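Everything on this sheet refers to the single structure shown next.
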């Protein structure tokens, strides 16, 4: 490849696009204070998960028959569960698994489902029909049954659990990505791209994806909560994470049995999920705004 | 020369030496599916495009100007909706017979096209610099940094002031005229041989129109470019065209060097078109609209397609399709009218597959 010689005009040799782009992103983040709050909350949760051994006041799987179902107190900040385990420590340790499973499964589902949706929407015709009918079939299964099926086929492990949960959200992401793609596909600039000879792949990745990513990201932040809930359900029927290991979803589900007597069992891990989703939602909003150039000024 | 007999079965015209023809279109027919039947929106279109020449395709809305360009760029939908036949020789290959990957390599690199609507022809979420440099990244394999440097030169080339700052901006920060300049910069990035410009100035203010046309004309000369300018504006034609092809209902009805077409319009439709434009520099008498409408695609008359609206039509015009034939004594001026051009009386071979 030789660089084509182009006309006139001295090269002013100004810098490249990438750092500048990050600077733009930061600027939008600054404009929207709430997205900073989202970032701080999210990083806080991640740090809590990483430093759980240092922050935890008790061993998360240490049982004590004497301290069953204790309400929050000085020694057990968020109370204890039916085995006398410290809820605060379990939430910290549970963050490790729930964050990984929630984020990884949603990320995987977003990539696969988003790609399928954009492909279906962009190509249309039989490609669209084929992809979306398969997605419809997947959607027609209840989420839990679908996850069950996948874990049953692949076996129970952390990775398989992530794959199973991703599997249940792929059709949702495909639907969400397809609709705006169909709208964007008809725009003049996509026609102009074709006239410039760009490949379909390039048009989809470079020109359509940034136009539909905002909507997908916001929903991804909401569906992270769903992913954590599905993990709990699969764990409950023995296909997820094995019982003594704490997960947020698992804790909420265990707490249901004692919801009237010891509501803190479900409420505090529930608040943790809420906090995660809230932070992701603010982040997603901020990212969507950052993608929209009209808000960058 | 439009008069050169040349059917689709002929081998590729030998472009080297003999003439400087960059594109040779013969018998281009594009038919669209309408309720299971294919109807030709463009029929037997043929022309030769010389290097560094501006050919104007003129006609009213729906006459097939844009479809002609889209057919040659192969930007129309697939065979179920649309069928293209004929030949279009470019650089020793028939554009209409090329594989899609081969065509993708030509599009944007050696054949480019710009559109009517500059306001919506740029991706709103990408900075201008990335979009202008992108053809070079895709077709020439330049790195993003190199492409960005070239983008700066290209913006200078299309006379966008303060190009270095403009590169970082987004389409919504550009006016219509500036966006059309950006589109031109993108289309010319890879130094194409041919630029199809589909009504590039229609959406712009009159003052901006003149600037953009002048820019296109300058770039054509500088870069040895061949320009196919699609327009319905005869004022545009008069200011930039070297040669003009007037289209009506999917056919070329008259083709001539611009000065001769304006001096001696010979097809009744061309005459009517010229009479329907207001002139400020001289009195043209009463402005006259052309009565009637272009027949719909599925109900084309059997004979001359203009006959039902034609003031000079004779009975024979309704029966036999006239050929696009050169006027006696003027081989460069071809007219598809049996009344005005005796040579057109028989359905000839010109422009036919």
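The values are calculated or read from the model by the stated rules, or taken from the named source; none is laboratory data. All values derive from a computational prediction rather than experimental measurement. Counting neighbours? That spans all protein chains shown, and the Cβs are built from the backbone with ideal geometry, glycine included.
Values computed for the structure shown
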| quantity | calculated |
| --- | --- |
| Filter result for the condition that a residue is more than 31 Å from the chain's Cα centre (by Cα), away from chain B (no Cβ under 14 Å) and at pLDDT 75 or above, over A:73, A:35 | A:73 |
| Filter pass, residue B:109 being assigned to a loop (DSSP other than H, G, I, E, B) and more than 24 Å from residue B:203 (Cβ to Cβ) | yes |
| In the stretch A:267-297, residue modelled with the lowest pLDDT [restricted to those that are within 14 Å of chain B (Cβ to nearest Cβ) and part of a helix (DSSP H, G or I)] | A:295 |
| Counted residues, the stretch A:151-161 - those being in a helix (DSSP H, G or I) and farther than 19 Å from residue A:98 by Cβ | 3 |
| Some residue of the stretch B:120-127 being buried (at least 18 other Cβ atoms within 10 Å of the Cβ), modelled with pLDDT of 90 or more and farther than 30 Å from residue A:289 by Cβ | no |
| One residue from B:102, B:69 being closer than 30 Å to residue B:212 by Cβ, in a helix (DSSP H, G or I), at pLDDT 90 or above and more than 9 Å from chain A (Cβ to nearest Cβ) | B:69 |
| The listed residue being surrounded by 17 or more Cβ atoms within 10 Å (Cβ to Cβ) and assigned to a helix (DSSP H, G or I), out of A:44, A:94 | A:94 |
| Test: residue in the stretch A:199-216 that is away from chain B (no Cβ under 13 Å) and touching a helix residue (DSSP H, G or I) at 6+ places or on another chain (Cβ under 6 Å) | yes |
